[in-house]
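Have a look at the structure below before the remarks.
We did not get these values from a lab; they are worked out from the coordinates using the rules stated. Note that this is a predicted model, so its numbers are computed, not measured. Heads up, the Cβs are rebuilt from the backbone with ideal geometry, glycines too, and the neighbour counts pull from every protein chain shown.
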Amino acid sequence: MFDVNKIITALQTDPNAQRTAMAGGGGFAAGLATSMLMGKKGRKMMGKAAKYGAVAAVGGLAYHAWNKHQQNKAAQAGGGAEPAAPAGGSVPAVPADYEAAPTETAFLPAPSDEAAQDALGQSLVRAMIAAAKADGKIDADEKAAIFERLNAMDLDAQSKAFVFDELSAPLDINAVVAGATCPETAAEIYAASLVAIEADTAAEQAYLQMLAARLELEPGLVEEIHRSADAATS
């Protein structure tokens, strides 16, 4: 089974990568190996990822934003429309605090559905890696350094191969968008991409704008995903 939780945990907690980055060595490669797949928001979410699982933690951002956006739409309609429920679930009141995505919904398949779990995990990791490539900073030497670190981490062969392949491949937004099997997973892919980077460069911001358009996300939903990410990591 593809273990996205273990991939992110390994990349976040690798002591060699951490020591190298803290010592100021290794440049971008060391920084990416230490915080790969996670920008500042993502790193602040690691406690939630440890508690809920990485997919549930990232999915929680999209879930919270989805519910809030649907409630906003209903309010703008004068209360005459019911919020649209995510597939497989209902729209609860939006809580004040962050909560993980509920299981057996489009945001988080049932634990027994390994195929759906694997597909979603791979889609989110692919989205995170693609976002990390958005500013074009990963060159051949940096990839080699990252591969060396990944190879030493406690990951199964399938997970290592997947990450290696995704890092080696050119940025392919079509492949990222293809993982969106429904509007809910589209929101989740965007949320994963958002927490993967700092989004403080023109290239990263342009990538997120293009991704939102390709995923056909409503502007109000995109705004709520950003607000949810800020609230969850403040």
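One decimal place: the segment ALA213-ILE173 gains 13.3 nm when fully extended, by the rule 0.36 nm per residue minus the C-alpha distance.
Fully extending the segment from ASP165 to ALA115 would add 16.0 nm, taking 0.36 nm per residue of separation and subtracting the current Cα-Cα distance.
On the principal axes of its alpha carbon atoms, the stretch 129-234 extends 42, 29, 28 Å, with the longest extent given first. Converting phi to 3J(HN,Hα) with the Karplus coefficients 6.51, -1.76 and 1.60 and the offset θ = phi - 60°, the stretch 59-65 yields x, x, 4, 5, 4, 5, 5 Hz in sequence order, with x at every glycine or proline. Backbone phi angles across the stretch 194-206, fed through the Karplus curve with coefficients 6.51, -1.76 and 1.60 (θ = phi - 60°), yield HN-Hα couplings of 4, 7, 7, 9, 7, 6, 10, 10, 4, 5, 5, 5, 5 Hz in residue order; Gly and Pro are listed as x. Phi angles of the stretch 214-222 translate, via the Karplus equation with coefficients 6.51, -1.76, 1.60 and θ = phi - 60°, into HN-Hα couplings of 5, 7, 6, 8, 5, x, x, 5, 4 Hz per residue; Gly and Pro are given as x.
Among TYR190, TYR207, a tally of other beta-carbon atoms within 10 Å of each Cβ gives an order, fewest to most, of TYR207, TYR190.
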